[in-house]
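See below for the structure under consideration.
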Amino acid sequence: MPYNVPHKTKQFFIVLIKLSIVVGAVYFIYSKLSENQGLELSEFLAFVKAKKTFTVKTVGFLILLSTTNWLLEIFKWQFLVKSITPISFLSALEQSLGGLTASLITPNRIGDYGAKAVYYAKSIRKKIVLLNLLGNMSQMAATVLFGIVGLLIFVSRYQIEIDYYKMTRFLLILLMISTFLVIGIKKSPLHFKGFGIKQIIHFLIKLPTSFHIRNLAFSIGRYLVFSFQFYYLLLIFGIEVDYFKAMVVITSMYFLASIIPTISIFDVVIKGSVAIFLFNYVEVNELTILSITTIMWLLNFAVPSLFGSYYVLNFKLPESY
């Protein structure tokens, strides 16, 4: 028997959810900065101040890179959604930043899926989730593509000691698990983000090749922008390293960090730990790397999510909800 929730009650819960998302996001940003065991806020500020390299020009260029990064993400989302329904740039901006805010405290940014989906009518909400999944898959594909190449070069160049026995055993276990998964999918459909694998594959196949190419192009563009931003920060902090050598480490870092499940708010901790290990081989000190990963997180996640808080607070359910 259907139960109709009173309009005022529904509105109250909507306001409560919006406030919870924003307060939660702001609190976690604050706690990350003030209670970071790897890098104290006072130590970080003192280190940055001592470097005296952050001029109006350098800060402006960093902001330009972060803006370009998010513009590419917004244009990508607009492109994806346009395949099923019209969407303006401002709407894509609102949904992208609002989704970021909602995802900040959820595992693997899963909150982004629900946040973007609620902007649309129920009739197309499932397609919106699938398009969002497709956009994230293309970003992951870019990370894996550059990351594997970078990691192979890194391992060969720095002669990383590898226990081939353990690696072989790990690959055999992985092969066995994959085999059981394939068998399991055939007998009982596996679901991902609420969708069956066959349903996702069918959805992807129906889209034209040109669509996938453009989607991947946006993702590669983003990847090149934020990886260059990391390199630029190395230069700002006085690290003399050529672009190719730095990119080998940076691409390896993003690849290794991306395969570790985490909550977005702790993304800076994961990347910081991986970066410290990798950059140790090119003799970059720990404090510099932790400072760079913190700045990257602030510019590309924390600050945009604060702007996204405005859209979360002003969000209104569609009439067809």
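Structure notes:
- With 27 Å as the limit on Cα-Cα distance, the pairs of Lys57/Lys82; Lys82/Lys122; Lys198/Lys316; Lys76/Lys127; Lys76/Lys122 that go past it are Lys57/Lys82; Lys198/Lys316.
- Computing FRET efficiency as 1/(1 + (r/R0)^6) for Phe277 and Ala46, where r is the C-beta to C-beta distance and R0 is 25 Å, gives about 0.55.
- Calculated from backbone phi, Karplus (6.51, -1.76, 1.60) coupling profile of segment 124-129 in Hz, x at Gly/Pro: 10, 4, 5, 5, 4, 4
- Around Ser96: net Lys/Arg minus Asp/Glu count, Cβ-Cβ under 15 Å: +2
- Rounded to whole Hz, the Karplus (6.51, -1.76, 1.60) HN-Hα couplings of segment 216-223, x for glycine and proline: 5, 4, 4, 5, 5, x, 4, 4
- Full-extension gain in nm, His202 to Ile259, via 0.36 nm per residue minus C-alpha separation: 18.0 nm
- In terms of packing, defined here as the mean over residues of other Cβ atoms within 10 angstrom, the peptides 113-119, 147-153 line up highest first as 113-119, 147-153.
- By average C-beta atoms within 10 angstrom, highest first, the peptides 274-284, 298-308: 298-308, 274-284
- With the simple model of a label 7 Å out from the Cα in the direction of the Cβ, Val155 to Leu313 spans 4.9 nm.
Just so you know, all these numbers are worked out from the coordinates, no wet-lab data involved. Since the model is a prediction, treat every value here as computed from it, not as a measurement. Note that each Cβ is placed from the backbone with ideal geometry, even for glycine, and that neighbours are counted across all protein chains shown.
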